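Following: one structure in structure tokens, then a few remarks.
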Amino acid sequence: MRKPIIAGNWKMNKTPEEARELVAALVPAVKDADCDVVVCVPATDFAAVKEAAQGSNIHLGAQNVHFARSGAYTGELSADMLKACGVEYVVIGHSERRQYFGETDKTVNLRVRAAVEAGLIPIICVGELKDERESGYTDTIVEYQTLMALHGLTDEQIKNAVIAYEPVWAIGTGLTATDEQANETIGVIRKAVARKYGQEVADAVRVQYGGSMNPKNVKGLMAQPEIDGGLIGGASLKAPDFTQVVLYNK
Ligand code: PGA
């Protein structure tokens, strides 16, 4: 059985002081969660979150990682640097990075490899644009993005990885994929992994849904058999909302 994983993606929000306040509120609130709980925060908040989450079940995540170990890459952070700050998870290939920062399937793959080699758990984002869904290309897009991202990883590394299916049209828009749409597309992703790496690997890899997931729709989405958790943007910025999402089964 796959253990569900709920991860907050704070994006470019929260100063260290605000981060400390939010995590301090979450620590007692989510302590009985049955899922893995992660907050993916700006690098400037790592120290504050690490300190505030100490001894709790809240794990620290980053929002990107560079593929080189070190060198002349102004503004970038290496996997070893993240590890040294206590980071355990890292979001890779978020649609905002693909859209605004020229991220490609090739660079996503390089980042994923660098992350797993350093012992970080990648949260790999895939998802179709609105017109791609409307033209009937959703399955083709998510299969391609997924297999490109996983290229070169061992079976064990894939089993430990997390994939986040995030239809781009549902991110930050208030539009959510229906429970059935999300379940079906995640099923497509899992089948693609099974075809390439075998059923055992596909059965182990956790696939989240992301895109306007919130306290109201979390129960329905999490009741779907293929959905192993969520990547939460807007609703992860307020302690009561994120708590309700994390405690979806309570
Ligand atoms: P949202 O963001 O929950 O605000 O739609 C999700 C994400 O971008 O990961």
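Values in this text are rule-based calculations from the coordinates and carry no lab data. The model shown is predicted, which means the values in this text are computed figures rather than measured ones. Cβ coordinates were reconstructed from backbone atoms using ideal geometry, including for glycine residues, and neighbour counts include every protein chain displayed.
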**OP:** Figure the gain on full extension for T44 and E21 (residue separation times 0.36 nm, minus the Cα-Cα span) and round it to one decimal in nm.
**Re:** 6.8 nm
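Over all directions, average the projected area of the Cα convex hull of the range 175-244 and note it in nm². Numbers along the way, then the final one.
Details: hull surface 18.8 nm².
Reported value for the Cα convex hull: 4.7 nm².
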Original post:
Which net charge results when you count Lys and Arg as +1 and Asp and Glu as -1 among the other residues whose beta-carbon is under 15 Å from that of L82?
Top reply: 0
**OP:** Compare the Cα positions of A192, F67, T44 along the charge dipole of the chain (+1 at Cβ of Lys, Arg; -1 at Cβ of Asp, Glu; about the Cα centre) and return the one farthest towards the positive end.
**Re:** T44
**OP:** Taking H placed 1.01 Å from N in the peptide plane, check which residues at least 5 places from G230 or on another chain put their amide H under 5 Å from its amide H.
**Re:** I5, I6, A7, Y209
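I'd like the per residue volume of the convex hull spanned by the Cα atoms of the range 17-119, given in cubic angstrom.
116 Å³
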**OP:** Could you check what % of the DSSP bridge pairs in the chain are antiparallel, to the nearest 5?
**Re:** 0 percent
Original post:
Which value in Å is the Kirkwood Rh of the range 126-250 over different Cα pairs?
Top reply: 14.7 Å
Original post:
For the range 241-250, what does the Karplus curve 6.51 cos²θ - 1.76 cosθ + 1.60, with θ = phi - 60°, yield as ³J(HN,Hα) per residue in whole Hz, taken in order and with x for Gly and Pro?
Top reply: 5, 5, 4, 5, 5, 5, 9, 4, 9, 9
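Mind checking the alpha-carbon convex hull of the range 75-142 and giving the volume per residue in Å³?
On the way: hull volume 6.2 nm³, N = 68.
Convex hull of Cα atoms, per residue: 91 Å³.
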**OP:** For the pairs K106/K250; K31/K219; K83/K250, note any where the Cα-Cα span goes beyond 30 Å.
**Re:** K106/K250; K83/K250
**OP:** Determine ³J(HN,Hα), in whole Hz, for all residues of the range 56-66 in sequence, where each value follows from phi through the Karplus function 6.51 cos²θ - 1.76 cosθ + 1.60 and θ = phi - 60°; x replaces Gly and Pro.
**Re:** 9, 8, 8, 9, 8, x, 10, 10, 5, 8, 7
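Rounded to the nearest 500, what is the 222 nm mean residue ellipticity of the chain from helices alone, with -39500 (n - 2.57) per DSSP H run of 4+ residues and division by all residues?
Details: 12 runs with 109 residues, N = 250.
That calculation yields -12500 deg cm²/dmol at 222 nm.
Just the ratio, please: alpha-carbon radius of gyration of the chain over 2.2 N^0.38 Å, N its number of residues. Write down the numbers at each step before the final one.
On the way: Rg = 16.7 Å, N = 250, 2.2 N^0.38 = 17.9 Å.
So the chain has a normalised radius of gyration of 0.93.
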**OP:** For the range 156-215, just run the numbers: alpha carbon Rg, then divide by 2.2 N^0.38 Å, N being how many residues it has.
**Re:** 1.20
Subject >> Between the range 8-37 and the range 70-134, the Cα center-to-center distance that results, in Å >> reply: 21 Å
Original post:
Is the shape of the range 1-74 rounded, prolate or oblate, going by the alpha carbon gyration tensor and its root eigenvalues a ≥ b ≥ c, with a/c under 1.5 for rounded and a/b larger than b/c for prolate?
Top reply: oblate
